[in-house]
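Visitor: Handing you a structure now.
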């Protein structure tokens, strides 16, 4: 148990998306957003075996976004949308071969096409909003728990979206 806590703490300090959102308030990057796409990364095999389906998860997220008043773009529509914003959903497996421990991390980020202020012709996709990162054990929270954590993060996105677009 102590090893699990140490591993999860270590991951929170060294996680690749941590600290990548440099805006004063990440919610400001949602202002004026009306269109969005969703990209659910391929799920780890053991998560799919537990019953979480990528296409169903994507559909559930899209329904929630539509209910919040956002227009959900198809991949072909995304290319013509200003900033080409998309919610990126990923489940990262955390395994240790020396210890019988399987866990996962759930991440939800908004990626948008941005320009460098010092060189406006340089455009790249950047994380402009990120939801709370969730960690858990596959033994403790099977597919339903993972799905619920993702939908909780989508709920946080919707709250932030509404906060800056309610006027």
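Any read-out appearing in this document is the output of simple, stated calculations on the displayed coordinates, not a laboratory observation. Bear in mind the structure is a predicted one, so any value in this text is a computation, not a measurement.
Visitor: So between residue 79 and residue 152, what do we pick up on full extension, going 0.36 nm a residue minus the alpha carbon distance? It would help to have the intermediate numbers written out before the result.
Guide: Working: separation 73, 0.36 × 73 = 26.28 nm, distance 2.78 nm.
So the chain would gain 23.5 nm between residue 79 and residue 152.
Visitor: At 0.36 nm per residue, and after removing the present C-alpha to C-alpha distance, how many nm does the segment from residue 28 to residue 41 gain when stretched out fully?
Guide: Here the answer is 2.1 nm.
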